[in-house]
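Okay, structure first, notes after.
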Amino acid sequence: MEETQSQPAVTTPPASAPLSAATPHAATLPGAASLPGAASLPAAPQQTVTSPGVATSQVPGELRRPGKLWYAVYTNSRAEKRVHERLLEQGVESFLPLQKTLRQWSDRKKLVERPLISSYVFVKIIQREYFTVRKTEGVVKFIMIQGKPVPIPEEQIDNLRILCGSDAEVEVSTDVYEKGDMVEVTVGSLTGLRGELIRVGRKHKVVIRVIQPGMNLTVDIKTNSIRKIGKNTDI
């Protein structure tokens, strides 16, 4: 697993629907991924888009639910901050996970904020906001699996917020990990983080499955900094 900024009322723009595409491949720190505990999505008829920029006139059935849910949006390269700001200006609840890192230049060092997950922004929306998001400049598509937008559990957004406020080295990957015991970090800047404890070589890592299947975030952890909270089931 480079992505969840009172504001004007949001109006539903004219038709324009999502591209039915698979989650983009993740790089070393950029990524594409999968969410633990994502709710199972009912099958709903949906027209398939075959050309970029062409959308259907219907909102996907998965978004026709009462209340707001979190979804992942894929953006143009290095456009995460601009997309986040544009969404906020339109009254859309948006979350862009950022983490401070130390950059080294020939003459100086500086702390800079970079997206935790490259090209990802997270939005919490209801049905009428779908086209507002989809038509926002810089937005490429909603992240979908089997042609359906993937709802993201609130707990995963909480995990991302904890990671943003920590100094932990976070890796984003599409590696397949065996399920591990569910644990919660109890010490340090990652306190409250929940995920699966796995062992990689001599190291222990906590895996946060952001989008199922496909995107994982992993952080190195000391076993004396965690407590077990459950068996090897998804959050």
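The values are calculated or read from the model by the stated rules, or taken from the named source; none is laboratory data. Since we're looking at a predicted model, the values are computed, not measured. Here Cβ is always computed from backbone atoms with ideal geometry, including for glycine, and neighbour counts include all displayed protein chains. The area values use the complete protein model at the heavy-atom level, side chains included, leaving out ligands, DNA and RNA. Shrake-Rupley method; radii C 1.70, N 1.55, O 1.52, S 1.80 Å.
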Loop sites in segment 167-205: trypsin sites (Lys or Arg not before Pro), DSSP, at most 10 other Cβ within 10 Å:
202
Listed residues 200, 173, 150: farthest to the positive end of the dipole of segment 127-235 (Cβ charges):
150
May I ask you to evaluate 6.51 cos²θ - 1.76 cosθ + 1.60, the Karplus curve with θ = phi - 60°, for each residue of segment 180-188 and list the ³J(HN,Hα) values in order in whole Hz, giving x for glycine and proline?
x, 5, 6, 9, 10, 6, 10, 9, x
For segment 109-185, rounded, prolate or oblate, judged on the Cα gyration tensor with a ≥ b ≥ c (square roots of eigenvalues), a/c < 1.5 rounded, else prolate if a/b > b/c?
oblate
So the carbon and sulfur contribution to the accessible area of segment 90-130, 1.4 Å probe, in percent, is 46
By accessible area (1.4 Å), largest first, 98, 87 order as 98, 87
Residue 189 accessible area, 1.4 Å probe, all protein chains in place, Å² to nearest 10
60
For the residue pair residue 137 and residue 110, what label-to-label distance in nm results when each label sits 7 Å from Cα along the Cα-to-beta-carbon direction?
2.5
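Restricting to Cα pairs below 8 Å that are 6+ residues apart, what does the relative contact order work out to for segment 139-235? Please round to a whole percent. Working shown, then result.
Values: 164 pairs, mean separation 28.0, N = 97.
So the answer I get is 29 percent.
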